[in-house]
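A short write-up of the structure that comes next.
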Amino acid sequence: MAPSNELPGNIFFYLIIVGFSAFFLLTIAARLLPFLKAKGAPCLDQLPQRVGDFMLVMIGQSKFFRRKYWYSGILHPLIFWGFLVLLIRSLNMLFSGVADPLSLEHLPGGIFDFYKPVMDLFNVLVMVGIAMGAYERFFVKPPRMTLNLDAWRILGLIFFLMVTDILANSFELNLEGESKEAFSFVAYGVSNIWSGMNLSHDATGMLHATFWYAHLIILFGFLCYLPYSKHSHVLTVAFNVFFRNRERSGVLRPINIEAMMENAEEGATFGVGKVTDFNWKALLDFMTCTECGRCQSNCPAYLTDKELSPKEIEHHGRMTLLSTTPTIASLMKGKPSPNGDHLNLVETMGFESIWDCVTCGSCMYWCPVCIEHVPEIIDVRRYLVMDEARMPETAQATLMQIEQRGHPWRGTQFGRSDWMQGLDVPLFDGSQEYLLWVGCSGSLSERNVPITQALARLLLQAGVSFGVLGEEEPCCGDPARRLGNEYLFQMQAQQAIEIMKSKGVKKIVTACPHGYNTMRNEYPQFDGKFEVMHHTELLDQLLREGKLQPKVGLAETIVYHDSCYLARHNEIESAPRRILESLPQAKIAEMERSRKTTFCCGAGGGHMWVEESRGRHINHARTEEAMATGAQIVATACPFCIQMFEDGIPALEPDEEKRMRAMDVAELLDAAIGTAPTVKPATAGEGEGVPAST
Amino acid sequence: MPLHIIACVKQVPDPEAPASAFRVDEAAKKVVAAAGVTPVISQFDALAVEAALRIKDAAGDAKITVISLGPETARDVVKHSLAMGADEGVLLTDSAFDGDSYTTALALSKAIEKIGDYNLVLCGRQATDWDAGVVGYGIAEMLGIPSVSLAKSVTVQGDKVVVERVLMEGYDTIEAPLPALVTVSNELGEPRYPKLQQIMMAARKQVTIWGAGDLGLDASKVGAGAVRLNLERLFQPVSEVECEIVEGETPDEIATKLAQRLREQKII
Amino acid sequence: MANGILVAAEVSGGAVASITLEVLGAARRLADQMGKPAQAALVGSGVEGLAKELIAHGADQVFVVDEPALAKYSCDGFVAAMEKVNAAASPDAILMGQSDMGRDLGPRLAFRLGSVSAMDCLNVTGEGGKVIAERPCYGGNARATYSFNTSPAVISIRSKAQEPVARDDSRQGQVTKVDAGIDASAIRDKLVGHQEVAEEGIRLEDADVIVAGGRGIGSAEGFSVLEELARALGGAVGATRAACDNGWRPVSEQIGLTGKIVGPTLYFAVGISGASQHMAGCTGAKNIVAINKDPEAIVFKSSRFGIVDDYKKVLPALVEACRKLKA
């Protein structure tokens, strides 16, 4: 019997339920308005995978089980699973509150009884989780976290939910003297205290009703408070995880520019300049972020004292969103309007923050609730570039350069086929198996040319059937896209796809992870479907097939630096390591941040060409990590990473004798195969680079 | 009536193309266009458009007309200027215009007269192909308006143009009554990046095409028939210096050797 | 009836500008080649006394326009004055320096006279009675030579490209006053302000030794060793446009086509690849020493001495060696 089954308890009960529910529903209705007006996001593709992923990430809490955050990895699942388990009891409270026959107690076979010990166990485990959380917030105070009263309120509410649950149950046991009382072992234990105190039946009934209602009020109070708390993820996270972007994390989605131009006259917006320009999934991200700060404490820009914190991007997104959300009062008057002025999205997030991002995806990898920071940041960049033409000077120069000359390497003294001199590399004519995509860097950037040559020698040596596009090869478009010029990117991508289709290209191999990501994951958006391989994948395959046999020893320690666009965005981690392991006599070292948790070299997201004007240099931070391993060689598999190391090493090690060398995996393998001619040592770009055009 | 500014722009071979791609056909006395090197707007001319846009921004309202003289492909630089924010574009294209700076200045001045009602003409300080720095003055002289060169800033104040003129050391501030012609130098800053909306609008805009006849010019009295400056020869200079590489085991040895060689040669 | 090679002289700080002496040298040689007199136009206010300077440096005849309205350069005023001088002198060619004044005066004067100009020339010769001017174009990648179908040929000469003739105070010449009647109110381009950008130490244009750095220096701090070398040799530091654009050096130190044109005895090109736009600014250098890690750098092609090594290692040693040598 619930206290609400008779007068006057049922009046209280329905007042509480109707009152709180009305408030909650009004809040949700107000909050949903911007969502209903927001742009759509693809969210129902790959349904079976979505379900599996949901079970793993949401129910299984898989993103919490990471060594770096083991403490939270214990406390959060305890609370979360407790929440799931105890949800049943809360539902039962409502059912039985309406009418006793609805109570789950009456389920056949006493199934509910067997569930009781689990619930009681979680009563305790949740409180353990709360205690751990309180300890962390009070004593440890991790810098990643936003420590404020809000979190204490939430912890307190959950704590009292547990306390009132146990107390109400314990009095109920005494009240009804059930036969299977021992199933609720915690409540039973507590009820024994009351038994010892010889409370009267009325007093017991009174106390039961008090804690029963207290639990009910806290439960509904918690529900109503959630939307106003940074812990609103409780309400949104399930949707956020289920509707997450299923594509690889390095992918940016296209804008249909032509359609926008046709439909919209003056005033079309191509990126996101107002918070309401975001698609609803981004808005959901803002409402789902709990400001745990894992993103921030793994962000290369934040860690080198730049303006950007991915956590703040989400927080500011939420603030801006809420500033456009109508108040409940206005909703009830039928004229939905927000309280006060809309916040300006760019100013709130910060122009500098938007441009600090290197799109490395570390934030997205670490986020336990599947927030997609990078596409959101790029959406704002798109607005700044295409709608407002507001960007750092060097970003503008880079985009201008790409537009005018079709590649980002301003002032290069190389042509696209210069590297081929002295090598018997055929032009692709449709008869070869692979197209070797050389890339702008591979042909036009001084440091990368010898890498391209080494790769070509290896492919020739292994008898791989391949050809190149030579002078006809365009830019893949990656820099333009990451720098926010989607229009320029789409023109370049379409041009590249057209050329490759006309030549009958089926398989592509490239030494550039950025080109790899764009061609493999983004070209299908424009009907360009090719089988794309990174050179480390193909070289690894050739080694395993015995087509390449390293024989020249290299008695040095090599540390491999994972490119973000290989390891994190595209899960290519083992192939390059296997190549290094195949080098006779070489010893392999690892950095703390490796594989999917790698740390950006500083050149991603178009930052290869954008001046890093704030904070420490990202490449110096990463070079330090590589140098700390004591390795003589840092091996890379990306044309940008290698240059960032070559720039960082002399800056940190004045003594040239002691300097670590940066080499591409292909260069090391080329040397070990013994086909490399006596190459002149690569000289760091001392070229003037930018010949004054005047 | 709002200000009407005319900016003159030229299409040039990309000055940033690799030096190895630069070839001269001495017989034809022409620079050979390198494969894969696309022509661009002359850098100073983009700045002339930028200066016009800054005046328009400051005034709140102004009309900017861009004119280019060149082959059909020069339409691209007119479109680029429109994308930057210019309002109208004119391309002067006619084989009769193949001549020297005299014909160029004459055709441009006739076109400006035909457009009429202008307050200010802006040009780049020089085109980055021939580096002559002459045509702007020709236009001013033919239009009979004052000229001020090498601007690092151009503002319109009432019926005057105020120019900061770059000098070897510092700058002069010069005022001239409108209409006037100003040539713009790189110290002005960077040309703006076109917004996508404007690129799209520019793509839809018509570029007016005029030939010699449209400008009331007798084809036989311009271009090849009216050359004042004869190009006798065009060639790539070859350096006649033989470089002596100073080598040694240590930096000290190299440095000492170099110092001695410089002393022997009485250079220091 | 053309009868001379006229130099538009430039007065700077009450004296004849050094570039005018170089142009006079060129005019003298051209006049001798063509068997005509070398003339000079001295336009300004209170400048008459400088006529003998021009004669001492090679002028046979000086036309002086000395009027208050010409105290400062203006395009309108000086073009009008030169128009009068041209009428009086009727020269074959009018030469001037490619200076603040010359680059503005030359083209407009040429069009006023119904003729044409060739600007920024390196050399001018009189082959078979025809004036031929040679000038760089395409950012220094090419050279062009021109003859003139109209007269007078207006030619500006790049600084440091020509040698002055030795001063000879015993030379005799004729001074003619020309009344141009310039009315200040008729000058439309009015000078209303002037701002000097103060430069420390030796002016780049006057320096005998220049130590210039480019992109290869890598940072603003990297230039300190260049400064040391410049101090040791009593020279000045210069930079490429790339180095200035990166903010490593002030724009006033920029050498190149859009920066300063210099002609020192000794020019160190450190970490400079040798792009033509930069080299155009130091073609007047008598001796170039290139220091670059990259043996393929094209700067070596125009250098007399070269060191293939990291400047960070070589320059400190070179500073020491030069100090010892000077001591």
Using the 10 angstrom Cβ neighbour count as an exposure proxy, how do B:TYR118, A:TYR565 rank, fewest first?
-> B:TYR118, A:TYR565
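Return the Rg/Rh value of the protein assembly as shown, two decimal places, where both radii are evaluated on C-alpha atoms and Rh is the Kirkwood radius. All intermediate terms of the calculation are to be shown ahead of the outcome.
Details: Rg = 38.5 Å, Rh = 35.7 Å.
Dividing the radius of gyration by the Kirkwood radius yields 1.08.
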Return the average number of partner chain Cβ atoms within 10 angstrom of each residue Cβ along peptide B:17-25.
-> 5
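With the Cα gyration tensor of chain A giving a ≥ b ≥ c as the square roots of its eigenvalues, does the rule (a/c under 1.5 for rounded; else a/b larger than b/c for prolate; else oblate) give rounded, prolate or oblate? All intermediate terms of the calculation are to be shown ahead of the outcome.
On the way: a/c = 2.60, a/b = 1.97, b/c = 1.32.
Taking the square roots of the gyration eigenvalues as a ≥ b ≥ c, chain A is prolate.
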What ranking of A:PHE138, C:PHE63 emerges when the number of other C-beta atoms within 10 Å of each C-beta is taken as an exposure proxy, fewest first?
-> A:PHE138, C:PHE63
Karplus couplings for the range A:612-628 from phi (6.51 cos²θ - 1.76 cosθ + 1.60, θ = phi - 60°), rounded to Hz, Gly and Pro as x?
-> 9, 9, 10, x, 6, 7, 4, 5, 5, 4, 6, 4, 4, 5, 5, 5, 5
For A:580-590, A:348-358, ranked highest to lowest by mean beta-carbon neighbours within 10 Å, the order is A:348-358, A:580-590
Packing-wise, with mean Cβ within 10 Å as the measure, how do C:271-280, A:215-224, A:530-539 rank, highest first?
-> C:271-280, A:530-539, A:215-224
Please say if the range B:133-239 is rounded, prolate or oblate, where rounded means a/c under 1.5 for a ≥ b ≥ c the square roots of the C-alpha gyration tensor eigenvalues, and otherwise the choice is prolate for a/b larger than b/c and oblate otherwise?
-> rounded
How do the peptides A:667-674, B:60-67, A:415-422 rank, highest first, by the average count of neighbouring beta carbon atoms within 10 Å per residue?
-> A:667-674, B:60-67, A:415-422
Report the Cys residues of chain A lacking a disulfide-compatible partner, meaning no second Cys Cβ under 4.7 Å from their Cβ.
-> A:CYS43, A:CYS224, A:CYS289, A:CYS292, A:CYS299, A:CYS357, A:CYS367, A:CYS370, A:CYS440, A:CYS475, A:CYS476, A:CYS512
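Quick one: B:LYS10, A:LYS68, fewest Cβ neighbours within 10 Å first, how do they rank? Present the calculation step by step, with values, prior to reporting the outcome.
Values: B:LYS10 25, A:LYS68 14.
Least crowded to most crowded, the residues run A:LYS68, B:LYS10.
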Mind checking the mean number of beta-carbon atoms from other chains within 10 Å of the Cβ atoms in B:259-268?
-> 6
Taking Rh as the Kirkwood radius, which is the inverse of the mean 1/r over Cα pairs, what is the Rg/Rh value for the range C:1-96?
-> 0.94
Shape metrics for chain B, restricted to C-alpha atoms - Rg then Dmax, Å | 22.4, 75
The range A:47-232 - convex hull of the alpha-carbon atoms, volume per residue in Å³ | 160 Å³
List, in the order given, every pair from B:LYS152/C:LYS301; A:LYS529/B:LYS195; A:LYS529/B:LYS79; B:LYS257/C:LYS324; A:LYS68/A:LYS596; B:LYS56/B:LYS152 whose Cα-Cα distance in the structure shown is over 24 Å.
-> B:LYS152/C:LYS301; A:LYS529/B:LYS195; A:LYS529/B:LYS79
Note to self: C-alpha centroids of the range B:203-268 and the range A:395-456 sit apart, in Å, by 28 Å
Say we join alpha carbon atoms closer than 10 Å with springs in a Gaussian network model of chain C; which of C:THR125, C:THR240, C:THR145 then has the biggest fluctuation?
-> C:THR145
quick note, the protein assembly as shown, DSSP beta bridge pairs, % antiparallel (nearest 5) is 30 percent
Quick one: how many lysine pairs in the range C:5-186 have C-alpha atoms under 28 angstrom apart, if they're 8 or more apart or on different chains?
-> 15
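Let me make sure I get this right: for the range A:397-673, a, b and c are the square roots of the gyration tensor eigenvalues over alpha carbons, sorted descending. Under 1.5 in a/c it's rounded, otherwise prolate if a/b > b/c, else oblate. Which is it?
The shape class here is oblate.
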Under the Kirkwood approximation for Rh and a Cα-based Rg, what ratio Rg/Rh is obtained for the range C:5-186?
-> 0.94
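How crowded by other chains is C:267-278, given as the mean number of beta carbons from other chains within 10 Å of each beta carbon?
On the way: counts 0, 0, 0, 1, 3, 3, 9, 5, 10, 8, 9, 3.
Mean partner-chain Cβ count within 10 Å for C:267-278: 4.
Just to confirm a number: summing +1 for Lys and Arg and -1 for Asp and Glu over residues other than A:THR204 whose beta-carbon lies under 12 angstrom from that of A:THR204, what do you get? Let's see the in-between values first.
Details: positive: none; negative: A:GLU172, A:GLU176, A:ASP202.
Charge balance near A:THR204 sits at -3.
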What residue among B:PHE44, B:PHE97, B:PHE235 shows peak mean-square fluctuation when chain B is described by a Gaussian network model with Cα springs under 10 Å?
-> B:PHE235
In nm², what is the average projected area of the convex hull enclosing the Cα atoms of the range C:209-326?
-> 6.1 nm²
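Please compute the contact order of chain B in relative form: average sequence separation of alpha-carbon pairs under 8 Å and at least six residues apart, divided by the residue count, as a percent. If you can, show how the numbers build up before the last one.
Details: 514 pairs, mean separation 62.3, N = 268.
Rounded, it is 23 percent for chain B.
Near C:VAL65, within a Cβ-to-Cβ distance under 10 Å, what is the net charge of the other residues, with Lys and Arg +1 and Asp and Glu -1?
Values: positive: C:LYS84, C:LYS177; negative: C:GLU48, C:ASP66, C:GLU67, C:ASP179.
For residues surrounding C:VAL65, the net value is -2.
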Using a cut-off of 20 Å between alpha-carbon atoms, which aspartates and glutamates can reach A:LYS63, once sequence neighbours fewer than 8 places away in the same chain are excluded?
-> A:ASP53, A:GLU136, A:GLU247, A:ASP285, A:GLU291, A:GLU314, A:GLU372, A:GLU571, A:GLU573, A:GLU592
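Please give the net charge around A:GLU571, taking every other residue with its beta carbon less than 12 angstrom from that of A:GLU571, where Lys and Arg add +1 and Asp and Glu add -1. Could the numbers behind the result be given before it?
Working: positive: A:ARG248, A:ARG520, A:ARG568, A:ARG595, A:LYS596; negative: A:GLU537, A:ASP562, A:GLU573.
Around A:GLU571, the charge tally is +2.
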Expressed in Å to one decimal, the Kirkwood Rh of the range A:271-390 from all distinct alpha-carbon pairs is 14.7 Å
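Rule-based calculations on the coordinates, nothing more; no lab input. On a predicted model such as this, the values are computed, not experimentally measured, just so you know. Note that each Cβ is placed from the backbone with ideal geometry, even for glycine, and that neighbours are counted across all protein chains shown.
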